[in-house]
Amino acid sequence: MKLYRTGNGSYVEHQQNYYRIPEPSWDALVTHSNLYEYLRGVAAKGAQVADFPSDQIKAPIGNQEVWAAGVTYYRSRSARIEESKDAGGGDFYDRVYSAERPELFFKATASRVAGPHEHVRIRSDASWSVPEPELTLLVNPRGEIIGYTIGNDMSARDIEGENPLYLPQAKVYDRSCALGPCVLVSSEPLPTSTPIRVEIFRNRQSEFAGATTLAGLKRTPATLVEYLFRDNRFPLGTFLMTGTGIVPPDSFTLKSGDRIEITIEPIGTLTNEVA
Ligand code: DO4
Ligand code: MG
């Protein structure tokens, strides 16, 4: 089942039919004692709607925080070692890739998040910016993974590479994160064969395309959530981006006007243009 937040309330899509959800608050949905069963009930009892407002889809976030995991794919480890070698930071990335404790960092508040077809931003003081396409978990206050969405962890590689201590500046700024288009609410984990694809268009021409699968993820989503919830409470639930396995070549940097399309088939496609 797919859960959408729109300018006209929340909707669930079940077997290609759309149903309006009576619960008005997104935070109440995320904190529901059994969201999957609740949505099944809405679909079973509710009347399907013919006028799903597909042009008003918003980022599927209320007052949740967005956190992120890093260096969870070998490709990410190699790219960070390369970008930080002049600063002597390379060793850190190798060590965190192999360590038991994952890298977890704070990524965004809801006000910094772009929804589908909204602009994401590159920093004005960065010269090397990339999107990071990431499977993103929606986790309820009890630490249960209740759904999956698509995330873009926009990153300034030159700032991150200059000094690992600049990570918060490379990662957290206005519209540095995109989420959407919906939350796939599922009681089952996604298969490891699930592909993640990205394509970046410049002047309508494909500038970069890449793909990976969840099989490359070094740590399980459950392990990442377990570490995030250690000595941390999330009364409204939280999003957790699981890290990128796709890094464009070092010669590539995003430019204003680029269109980024990230697809994870069972969820959909998240499209954003760079402001
Ligand atoms: O350590 C830097 C950030 C890593 C990251 O965002 C990723 O691997 O996706
Ligand atoms: Mg990332």
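Things worth noting here:
- Within region 71-91, the presence of at least one residue that is touching a Ser or Thr at 6+ places or on another chain (Cβ under 9 Å) and part of a loop (DSSP other than H, G, I, E, B) is confirmed.
- Here region 64-90 is the region considered, the condition is being of a type in the set (A, V, I, L, M, F, W, C) and farther than 17 Å from Thr220 by Cβ, and the residue that is surrounded by the most Cβ atoms within 10 Å (Cβ to Cβ) is Val66.
- Residue match in region 147-165 (condition: surrounded by fewer than 16 Cβ atoms within 10 Å (Cβ to Cβ) and free of Cβ contacts under 8 Å to residues at least 60 places away in the same chain): yes
- If you go through region 93-110 and keep only what is in contact (Cβ under 8 Å) with a residue 24 or more places away in the chain and more than 15 Å from ligand 2 (Cβ to nearest atom), you end up with Arg101, Thr109, Ala110.
- Across region 66-85, the number of residues qualifying as of a type in the set (D, E, K, R), at pLDDT 85 or above and more than 11 Å from ligand 1 (Cβ to nearest atom) comes to 1.
- Flag if Ser124 is more than 15 Å from ligand 2 (Cβ to nearest atom) and over 26 Å from Asp55 (Cβ atoms): yes
- Being at positive phi, more than 16 Å from ligand 2 (Cβ to nearest atom) and either at pLDDT 95 or above or not hydroxyl-bearing (Ser, Thr, Tyr) (or both) is true of Asn203.
- Among the strands (runs of 3 or more DSSP E) confined to region 211-275, there are none with at least 3 residues that are within 14 Å of the chain's Cα centre (by Cα), of a type in the set (Phe, Trp, Tyr) and within 22 Å of Ser33 (Cα to Cα).
- For region 169-210, the set of residues classified as assigned to a strand (DSSP E or B) and either of a type in the set (Ser, Thr, Tyr) or farther than 23 Å from Ile146 by Cβ (or both) consists of Arg197, Val198, Glu199, Ile200, Phe201, Arg202, Gln205, Ser206, Glu207, Phe208, Ala209, Gly210, listed by residue number.
- Pair list, Cβ under 9 Å, 6 or more apart: region 49-61 residue among the basic types (Lys, Arg), other residue in a loop (DSSP other than H, G, I, E, B): Lys58/Gly7; Lys58/Gly115; Lys58/Pro116; Lys58/Glu118
- Of all residues in region 46-65, none satisfies being outside any helix (DSSP H, G or I), within 16 Å of ligand 1 (Cβ to nearest atom), under 22 Å from Thr269 (Cβ atoms) and among the β-branched types (Val, Ile, Thr).
- Taking each residue of region 230-248 that is under 29 Å from Ala211 (Cα atoms) and looking for partners that are in a loop (DSSP other than H, G, I, E, B) and among the aromatic types (Phe, Trp, Tyr) with beta-carbon atoms closer than 9 Å, six or more apart or interchain, yields Thr238/Phe229; Gly243/Tyr73; Thr244/Tyr73; Gly245/Tyr73; Ile246/Tyr73; Val247/Tyr73.
- Only one of Ile196, Ile146 that is within 28 Å of Lys2 (Cα to Cα) and in contact with a His (Cβ under 9 Å, 6 or more places away or on another chain): Ile146
- When region 9-31 is filtered for residues that are touching a helix residue (DSSP H, G or I) at 6+ places or on another chain (Cβ under 7 Å) and either among the basic types (Lys, Arg) or modelled with pLDDT of 95 or more (or both), the ones remaining, listed by number, are Ser10, Val12, His14, Tyr19, Ile21, Leu29.
- Test: Leu104 is within 13 Å of ligand 1 (Cβ to nearest atom) and in a strand (DSSP E or B): yes
The values are calculated or read from the model by the stated rules, or taken from the named source; none is laboratory data. Bear in mind the structure is a predicted one, so any value in this text is a computation, not a measurement. Here the Cβ is made from the backbone with ideal geometry for all residues, glycine too, and neighbour counts use every protein chain on show.
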